[in-house]
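What follows is a short report on a single structure.
The values are calculated or read from the model by the stated rules, or taken from the named source; none is laboratory data. In this text, all values refer to a predicted model and were calculated from it rather than measured experimentally. Don't worry about glycine lacking a Cβ; one is built from the backbone with ideal geometry, like all the others, and counts go over all protein chains shown. Calculation scope for accessible area: heavy atoms of the full protein, side chains included, ligands and nucleic acids excluded. Shrake-Rupley method; radii C 1.70, N 1.55, O 1.52, S 1.80 Å.
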Amino acid sequence: MLWSGPRSRSAHPRDGIRPAPVLVLALVLALVVAAVWAAAVRRPDTATGAQGPRHTAVEVSPGHCGRGWSRPEPGVQVFDLHNTSDAAAEVYLEDPGSGAVYGEVEGIGPGTTRPLTVRLGRGAYAFKCVPEDADAVTGPTVRLARGASGPAAAPVTAHDLIPPAIAYQQWVGGGLGEAVRLAVRLRDAVDRGDLGAARTAWLPAHLQYERLGAAYGAFGDADGRINGTDAGLPGGVHDPSFAGFHRIEYGLWHGASAGTLRSPAAALADALTHLRDTWAQARMDPAQLGLRAHEILENTVQFELTGRTDYGSGSNLATARANLDGTREVLSRLRPVLAGRYPGLPDLDTALTRAQHTLDGLHRGDAWTPPDRLSRTQRERVDAELGDLVERLASVATLTDPRRTA
């Protein structure tokens, strides 16, 4: 699907670590795109020949939605969408019969112009203008008799996402129960002073929590107490606010005594228990489910493959493997919504299995290869496969972002 660009995403911040390079790059690209397209504002319906695809100026307003598209041609087209109203608006180019969307642009401010690039072919098309705080308006239908169009997908509504969100939230509740059980085992080993058993118990407890990745946004402040890092803390790893799995990990793999770890281990078990007991009252936002599916592995690439969250155990690739499991769980709930909308779903499944096999080959027993000890070939393969998944899951996030249809 040829969308105008990625929809808004806010990657889960690992307690103070922000994806600054990604945001800076996005800002730079946005500025460059804005500068390039500024020259195309209100350009008349004209082909640009060798300079690029045809540009057509299209009005966005409640009274004249879609006005300006008078000479339809097959092939790649750029519509310069100019908002003449006094409110921001979203615009969809859709099949007026089925409602399938060929492309969209969000947040076109009053008096501004934004480009929409699509491939047009045989079929019927109409612009739908969706102004803020007003009813949607569909413009005139334009028909083409030849050519192959780009892909389109039926819009997803918030109602479509409620059943998957409820099913996923119920699954998370069971996962939290298992996380509590494993955290209590870790706490008990520390209480006994058996640090060898504690190191053995730490990884299964941590991975169980990591599998619940799409729920982080609903965990709120509890996530920092359970899985926080020392990023942004004045005292770093020695700061009193450093808590949770990584605080215990640092101590277990840096020679801390059982006495110094009893309080953090007890606090972790208590935080998970409280989260489990209150989870039934939590409310996940159904609109965020597809976005979270993308963010799980986006965070994996940023934090786990770089080793930024390694505090001594060298288990980042084990965490990456757990994140794959978590991604599959989200997709299993979203599958009824994606079926028929995302033709790349079988390829996504294949890519997930391929990455799973790659990661499974990087450990023996409970010992995982730390990212900095991968060979160059291993490193390139892991980076490529996880990066490919992030790109594929961006399409899932886009397709499952709910849209207004009225």
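Rounded to whole Å, give me the distance from the Cα center of region 292-319 to that of region 88-105.
So the separation of the two Cα centres works out to 37 Å.
Divide by every residue of the chain the summed helix terms, -39500 (n - 2.57) for each DSSP H run of at least 4, and state the resulting mean residue ellipticity at 222 nm, rounded to the nearest 500 deg cm²/dmol.
Calculated from helices alone, the mean residue ellipticity at 222 nm is -15000 deg cm²/dmol.
Could you point to the label whose value was computed as Cα extents along the principal axes in Å for the structure here, given (i) 74, 55, 34; (ii) 79, 47, 40; (iii) 68, 45, 39?
Step by step, Cα extents along the principal axes in Å for this structure corresponds to label (ii).
Could you tell me the center-to-center distance, by alpha carbons, between region 115-160 and region 332-354 in angstrom?
24
Taking only Cα atoms, what is the 0 to 90° angle, nearest 10, from helix 20-38's long axis to the longest principal axis of the chain?
The answer is roughly 10 degrees.
Determine, for each peptide in 332-338, 277-283, the mean count of other beta carbons within 10 angstrom over its residues, then list the peptides with the highest first.
Ranked by mean Cβ neighbours within 10 Å, highest first: 332-338, 277-283.
Within the chain, what percent of beta bridges assigned by DSSP are antiparallel, to the nearest 5?
Here the share of antiparallel DSSP bridges comes out near 80 percent.
Points 7 angstrom from Cα along the Cβ direction at residue 194 and residue 87: gap in nanometres?
6.5
Sort 202, 368 from largest to smallest accessible area, using a 1.4 Å probe on the heavy atoms of the protein chains.
Order by accessible area, largest first: 368, 202.
Give the ranking of 274, 206 by solvent-accessible surface, highest area first, calculated with a 1.4 Å probe.
On the way: 274 115, 206 5 Å².
The most accessible residue leads, giving 274, 206.
For 93, 233, write out the residues from largest to smallest accessible area, computed with a 1.4 angstrom probe and no ligands counted.
Putting 93, 233 in descending order of accessible area: 233, 93.
Provide the per-residue ³J(HN,Hα) series for region 274-291, in order, calculated from phi with Karplus coefficients 6.51, -1.76, 1.60 and θ = phi - 60°, each as a whole number of Hz, with x at glycine and proline positions.
Computed from phi, the couplings for region 274-291 are 5, 5, 4, 6, 9, 4, 4, 8, 6, 10, 6, 7, x, 5, 9, 4, x, 4 Hz.
Where the accessible area of the chain is counted over protein heavy atoms with a 1.4 Å probe, how much of it, in %, is carbon and sulfur? Before the final figure, lay out each step's value.
Values: 9620 of 18120 Å².
Within the chain, the accessible surface is 53 percent carbon and sulfur.
Using per-residue counts of other Cβ atoms within 10 Å, averaged over each peptide, order 322-328, 117-123 from highest down.
322-328, 117-123
Let me make sure I get this right: for region 248-406, a, b and c are the square roots of the gyration tensor eigenvalues over alpha carbons, sorted descending. Under 1.5 in a/c it's rounded, otherwise prolate if a/b > b/c, else oblate. Which is it?
Taking the square roots of the gyration eigenvalues as a ≥ b ≥ c, region 248-406 is oblate.
Running a GNM on the chain with Cα contacts under 10 Å, which residue among 212, 161, 374 ends up with the highest mean-square fluctuation?
374
Give me the distance in nm between label points sitting 7 Å out from Cα along the Cα-to-Cβ direction at residue 280 and residue 375, one decimal.
Each label point lies 7 Å from its Cα, and together they span 5.3 nm.
With a 1.4 Å probe and every protein chain left in place, work out the accessible area per residue of the chain in Å², rounded to a whole number.
Value returned for the chain: 45 Å² of accessible area per residue.
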